[in-house]
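Just so you know, all these numbers are worked out from the coordinates, no wet-lab data involved. Predicted, not measured: the structure shown is a model, and the values here were computed from it.
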Amino acid sequence: MSIRCTVESAFFIAWSCLEQSGELGPPDESANVILDAIEGQLKTGERRQLMLANKAIDAYRAHAAMRRSSWDREARFG
C-alpha cells in the first residue's frame, strides 16, 4: 500500500471515529490536528494505518482537552 493510501485510510478512520463520537470540532482545525499527528508518526517510520489512526485520535483528544481547559480558564478569569 502506498504512503498516500495509508495516510488517506488512517485519516478517514480517525475522522470517522471522532465524528461518530461527536468529538469532532471545526473541520479545518480538526483536519490539521489529525494530519499533523499522522505526519509525525510517519516521520518515526510508522506505517500501520490503524496505529496511525489511533495515535491521531489520541492527539486530537489531547488537543481538544487543552482547548477546553483554556476556554474554562478564560470563562473563570475573563
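With contacts taken as Cα pairs under 8 Å and at least 6 residues apart, region 3-77 reaches a relative contact order of 36 percent. Here the chain yields Rg over Rh of 1.07, to two decimals, using C-alpha coordinates and the Kirkwood radius.
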